[in-house]
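This report refers to the structure that appears directly beneath it.
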Amino acid sequence: MYIVFEGIDGAGKSTQIQLLKKWLEDNGFSVETVVEPTDSEIGKLIRKILQRPDAANDRIQKTLGLLFAADRMLIMDKLSDENKIILSDRSYISSLAYQTPANWIADINKYAKTPDLLLLLDLDVNISVNRCSGEDEFENEGFLTNVKDNYLKLVENYRHEIINANNGVNKVSSDIKKAVAPYLGICPDCIL
Ligand code: TYD
């Protein structure tokens, strides 16, 4: 099962993935995690470009769109392991939310894997801006408001759950467990 975590910057995806991984393993599942952008050469290049002052400009956005698509191609095989639950920090749905134009982004990601379950960690933009370092060009209020709106529309195309990410870490974690449990046949009473 390929479970994807999405959300604006600072939504807590990486922390929540680790907490869910531990809980799933305690429940007997074999779990693998992946992160986009990856730690490949392409991923490193992406992180460098994200820090450029012109990273939000149209031409750089299109270049990033292509790099993100190429970077995720490198981990394609990992995502289809039948014996494991794959927890992914982002996916091509990030590209659909952050990059434009939508049709073109969809085209260049046509071989990307669709999630079996999409968890949107929905965070208020002002909390996001306060939590982020501001190092990346995307971490500003106007841009993130647009990304958040995009996410809320995009999730409708997938089997999804929306998690309120404005709460504390433990509450968010238990909400995620409750959301995931029915998909994995875990009894609701087993959730702490
Ligand atoms: P991420 O590593 O989640 O952020 P952080 O640096 O806070 O840990 O992602 C890096 C940035 O890349 C983030 O602003 C979202 C952006 N991104 C895209 O714009 N398109 C994509 O396809 C992906 C995977 C990420």
Search result, residues across the range 141-192 that are among the small types (Gly, Ala, Ser) and within 15 Å of residue 119 (Cβ to Cβ): 165, 173, 174, 179, 181
Go through the range 30-61 and count every residue that is closer than 21 Å to residue 6 by Cβ and either basic (Lys, Arg) or assigned to a loop (DSSP other than H, G, I, E, B) (or both). 8
Of everything in the range 1-20, what is among the hydrophobic types (A, V, I, L, M, F, W, C) and near the ligand (Cβ under 9 Å from one of its atoms)? Give them in sequence order. 8, 11
In the range 1-29, residue farthest from residue 74 (Cα to Cα) [restricted to those that are assigned to a strand (DSSP E or B) and among the aromatic types (Phe, Trp, Tyr)]: 5
Inside the range 10-55, can you point out the residues that are open to solvent by less than 50 Å² (accessible area, probe 1.4 Å), in contact (Cβ under 8 Å) with a residue 60 or more places away in the chain and of a type in the set (A, V, I, L, M, F, W, C)? 11, 17, 20, 23, 24, 50, 55
What strands (runs of 3 or more DSSP E) completely inside the range 75-192 contain at least 2 residues that are open to solvent by 30 Å² or more (accessible area, probe 1.4 Å), at pLDDT below 95 and of a type in the set (Phe, Trp, Tyr)? none
Residue 86: among the β-branched types (Val, Ile, Thr) and in contact with a Lys or Arg (Cβ under 8 Å, 6 or more places away or on another chain), yes or no? yes
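The values are calculated or read from the model by the stated rules, or taken from the named source; none is laboratory data. Just so it is clear, the structure is predicted and the values come from calculations on it, not from any experiment. Every residue, glycine as well, gets a Cβ built from its backbone with ideal geometry; the counts of neighbours run over all protein chains shown. Surface areas here come from the heavy atoms of the whole protein model, side chains and all, with no ligands, DNA or RNA. Shrake-Rupley method; radii C 1.70, N 1.55, O 1.52, S 1.80 Å.
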